[in-house]
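Reviewing the structure listed below.
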Amino acid sequence: MPIPRFSDIFTEVLQTLEHEPMLHRRELQDRVVALMDLTTDEKSRTMSRGGNVARNRVHWAQEYLCQAGAVDRPKRGYTAITDFGRELLQEPHPVTIQRLRETEGLKEWKRRS
């Protein structure tokens, strides 16, 4: 199985946070990477400039969710799901990049970038 794109794991990130008050980013990355069902080789794959590919994908999924308001950073290095994130999990379809682009948070982030 190829390593999923960051935009394909929004639902997994939210589901991982759903029953936790908050998780440290490394713990969140470990748990979501475990859900990906990757081979040992895929789990250890690095980017050309260093850094783990799978962990990087989780990082970017978390960043998009944060900018959209689905997760929050209650303190440095920690992530927690918001009420909006819980609402997204109740929707009948997996969370997509198109759905996040509808949020004011992501629109504002794009304007700032």
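A few notes on this one:
- Residue-wise HN-Hα coupling along region 29-37, computed from phi with Karplus coefficients 6.51, -1.76, 1.60 (Hz; x: Gly, Pro): 4, 4, 5, 5, 4, 4, 6, 5, 6
- Our coupling estimate for region 91-108, obtained by passing each phi through the Karplus curve with A = 6.51, B = -1.76, C = 1.60 and θ = phi - 60°, is 5, x, 10, x, 6, 10, 4, 5, 5, 5, 5, 6, 7, 4, x, 6, 4, 5 Hz, Gly and Pro reported as x.
- Using only side-chain charges placed at the Cβ, +1 for Lys and Arg and -1 for Asp and Glu, the dipole size of the chain relative to its Cα centre rounds to 640 debye.
- Oblate is the label for region 51-100, because a/c, from the alpha-carbon gyration tensor with a ≥ b ≥ c as root eigenvalues, is 1.5 or above and a/b does not exceed b/c.
- Stokes-Einstein diffusion of the chain at 10 °C, 1.306 mPa s viscosity, Kirkwood radius from Cα pairs, rounded to a whole number: 111 µm²/s.
- Computed with a 1.4 Å probe over protein heavy atoms only, the accessible surface of region 1-95 comes to 59 Å² per residue.
- Computed P(r) (all Cα pairs; region 19-79; 10 Å bins; percent): 21, 51, 25, 3
The values are calculated or read from the model by the stated rules, or taken from the named source; none is laboratory data. For clarity, every value in this text was computed on a predicted model and none was experimentally measured. With ideal geometry, Cβ positions are generated from the backbone for all residues, glycine too; neighbour counts draw on all protein chains shown. Surface areas here come from the heavy atoms of the whole protein model, side chains and all, with no ligands, DNA or RNA. Shrake-Rupley method; radii C 1.70, N 1.55, O 1.52, S 1.80 Å.
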